[in-house]
Amino acid sequence: MSRRTSLLAVLALLAAPGVALTQPEDTSDRQGQAVEAVPAVDLERYAGTWYEQAHLPLFFQRNCVANTTASYSLRDDGRIDVVNQCDTDTGERIEARAIARKVEGSTSKLEVRFAPAFLSFLPAVWGDYWIIDLDPDYRWAVVGSPDRKYLWFLTRDKTIAPEALDALVAKAHAKGYDTSRLIRTEQ
């Protein structure tokens with residue numbers, strides 16, 4: 001097995017336990033407000049490459065230090081192929097492959113699985129991926145989980161003006177996400 005294949009296997013296995021440890025929780029904040037996904041997403045427009053600008057700390061992203069991207073491509077079966085890539089502190093480019101599926105037909109509430117396909121019957125290997133804010137022109141997206149443990153800020157351009165990112169962070173904070181723990185991504 002090549003080093004790259006070994007790394008991918010490790011990433012997939014690391015991602016799965018991270019998801020499995022997430023317990024279902026109330027999705028409402030202190031004011032009783034539930035996290036809402038945007039009403040709908042044109043998945044054809046959403047497909048393509050996105051650059052991560054910031055995220056909440058995640059075990060499976062601990063080795064990523066720069067140039068984090070997420071690429072999405074639609075499949076004929078209605079699912080979405082996901083390829084996440086990043087650079088490590090040694091300059092190595094690593095990637096993790098996953099598959100996403102719609103939740104109850106929603107185009108803005110997805111579940112993502114990094115675990116091997118033979119485990120797909122287990123609900124615990126599917127992680128929530130809700131698009132909670134989206135630019136009308138699909139230039140940026142804010143993705144989170146309804147339990148507020150996961151949060152990503154994605155853009156089509158490699159960089160974003162600091163004040164534009166700050167505005168998106170403020171909106172996520174208003175939705176109850178703990179943005180004090182955000183890790184800014186070097187691009």
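The values are calculated or read from the model by the stated rules, or taken from the named source; none is laboratory data. Computed from a prediction, not measured in an experiment: that's the story for all the values here. Because the Cβ atoms are built from the backbone with ideal geometry, glycine has one as well, and the counts that use them run over all protein chains shown. Side chains included, ligands, DNA and RNA excluded: accessible areas come from the protein's heavy atoms. Shrake-Rupley method; radii C 1.70, N 1.55, O 1.52, S 1.80 Å.
Key figures for this structure:
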| quantity | calculated |
| --- | --- |
| In region 127-186, the residues that are in contact with a His (Cβ under 8 Å, 6 or more places away or on another chain) and over 22 Å from LEU43 (Cα atoms) | THR179, LEU182, ILE183, THR185 |
| Qualifying residue in region 88-101 (condition: farther than 26 Å from PHE118 by Cα, open to solvent by less than 30 Å² (accessible area, probe 1.4 Å) and out of contact with any Pro (no Cβ under 8 Å at 6 or more places or on another chain)) | yes |
| Selection from region 65-87 of residues that are touching a residue at least 40 places away in the same chain (Cβ under 8 Å), more than 17 Å from ARG156 (Cβ to Cβ) and open to solvent by less than 60 Å² (accessible area, probe 1.4 Å) | ALA66 |
| Top-ranked residue in region 155-176 [being touching an Asp or Glu at 6+ places or on another chain (Cβ under 9 Å) and open to solvent by less than 60 Å² (accessible area, probe 1.4 Å); ranked as farthest from GLU36 (Cα to Cα)] | ARG156 |
| Matching residues in region 48-99 - criterion: being among the β-branched types (Val, Ile, Thr), closer than 12 Å to THR185 by Cβ and assigned to a strand (DSSP E or B) | THR68, THR69 |
